[in-house]
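Notes follow the structure.
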Amino acid sequence: MTQTRNKNLLQFLIHFIAWGLVFFLPFLIFWKDSDFNIWDKMFHNAVVVSSMLLVFYLNYFQLIEKILFQRKTGKFLLYNFLLVVIVGAAVHFWQVATMPVMPNSKAMQQKIPNLDTFFLIRDILTMVIVAILSVAIKMTGKWYITEAQRQEEKKERTEAELKNLRQQLNPHFLFNTLNNIYALIALSPEKAQESMLELSKLLRYVLYENDGNFVLLDRELNFIHNYVELMRIRLTTNVDMKINIDVVEKDKAVAPLLFITLIENAFKHGISSSQPSFVDINIHQNNDKQLNCTIKNSYFPKDESDQSGSGIGLDNLRRRLEILYPHKHILRTEKENDTFVAELIIPLENNIEL
C-alpha cells in the first residue's frame, strides 16, 4: 500500500512539474515583450494550457483506458479527431476575439495571406501533438506495468519450478541412500544401524534446512562430508576413497544439493564389489571467487537390470543450474579411458538472500 502511494505521488509530481514548465516557458520567453500586459499573457497562456490539459487527461484517464485498450481503434481515432478539432478551434477563435492586434500583424498578413487559417491549423495540430503525447506516455506506463507483472509471474513460476525440482531431488536422494543401506544390511547389520543414524542427520538437512534457493557454503560442505562418511561405511578394502575440501570463504552462499548429485553418481557407478576401484572428490575455491568440484571415479556402468535410482539426478541438476546460475556455471562430464570425470564450477556471490 505504501509503495503504491509513493508511486502515485511521484507520478503526480512528474506531471505537475512538466505542466508547470509548459505554462511558464512561454511566459519566460516573452518576459521582455512590452506589447502585452504580463497578466494578460499569463491569463491567455493559462487558457491555452488548460485546453491542453483537457485533451491530455481526457485521453489519459478515459479514451485510452476505456476505448483504445479495449481495441476499439476506429472509435478512439474518431473521438480524438472531434476532440482536437473542437478544442483547437475553440482556443483559436477565443484568441482571435480576445487578443489585441499585434503591431506587426499587417506585415505577417502580407507574408502569409491566409494567416487566420495558418493559426487555426497550428492550434489544432498543437492539440494533436498533446493527444499523441498522452497516448505515448500512457502506453509506456502500461508497458512498464505489464513488464513488471510479467517478470513477477516469471519469478513465481521459477520459484515454483525450483521447489518442484527440490521435491524431486529429496526422494531421489533418499531412495539411493536407502538402497545403499539395504545392501549393507546383509553384510553388516551393525554398520547398517550406524548408517541409519547418519542418514537421519542428512535427512534433517535435506528436508528442513535448505528450503531457500541458497544456503551457507559451510553447511553444504558439512553435508557433503557427512554423506561421504556415510558411504564410506559400506566400502570394502579394494576401494580407494579420497575427499579433499579446500575452501577459505565458507561464509559465502551457494545453491544447496548441487554437488551431491555428482557424488551420488560417483558411488553408484564408480565402485565395484569385486574389482579395485576408486572415488576421488576434490572441492576447492578458485582465486576468481568460484567453487570448483571435480570428481573422478573408476567406471563400472550400471547393469540395465539394476533399477536403483530414478535417473532424474543429472537432468534435475542441469535445470537447477540453468535457473540459479544462468551463463555462470560450467558442468562437464566425460569418460577418460576407464575413468569417469565430472566437474562443476559455480560462482561464489555476496549479498545473496538466504
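Among residues of the stretch 151-178 that are modelled with pLDDT under 75, those with a Cβ under 9 angstrom from a residue that is among the basic types (Lys, Arg) and part of a helix (DSSP H, G or I), sequence gap 6+ or separate chain, pair up as LEU165/ARG319; LEU165/ARG320; ARG166/ARG320; LEU169/ARG320; ASN176/LYS268.
Can you work out which of the residues in the stretch 229-268 that are of a type in the set (Lys, Arg) and surrounded by 13 or more Cβ atoms within 10 Å (Cβ to Cβ) is nearest to LEU348 (Cα to Cα)? Step through it out loud before you land on a result.
Residues of the stretch 229-268 that are of a type in the set (Lys, Arg), as a first pass: 232, 234, 242, 250, 252, 268.
Narrowing further to those that are surrounded by 13 or more Cβ atoms within 10 Å (Cβ to Cβ): 232, 234, 250, 252, 268.
Details: ARG232: 29, ARG234: 33, LYS250: 10, LYS252: 6, LYS268: 28 Å.
Across the stretch 229-268, the extreme among qualifying residues is LYS252.
Across the stretch 262-282, the number of residues qualifying as within 25 Å of LEU178 (Cβ to Cβ) and part of a strand (DSSP E or B) comes to 4. Among the residues of this structure, TYR144 counts as one that is of a type in the set (Ser, Thr, Tyr) and at pLDDT 75 or above.
Out of all the residues in the stretch 269-299, which are modelled with pLDDT under 90 and crowded, with 21+ Cβ neighbours inside 10 Å? Lay out the reasoning, then the answer.
Step one: filter the stretch 269-299 for residues modelled with pLDDT under 90, giving 269-275, 286-289, 299.
Listed by number, the residues that qualify are GLY270, ILE271.
The values are calculated or read from the model by the stated rules, or taken from the named source; none is laboratory data. Note that the structure is predicted; figures quoted are calculated from it, not measured. Note that each Cβ is placed from the backbone with ideal geometry, even for glycine, and that neighbours are counted across all protein chains shown.
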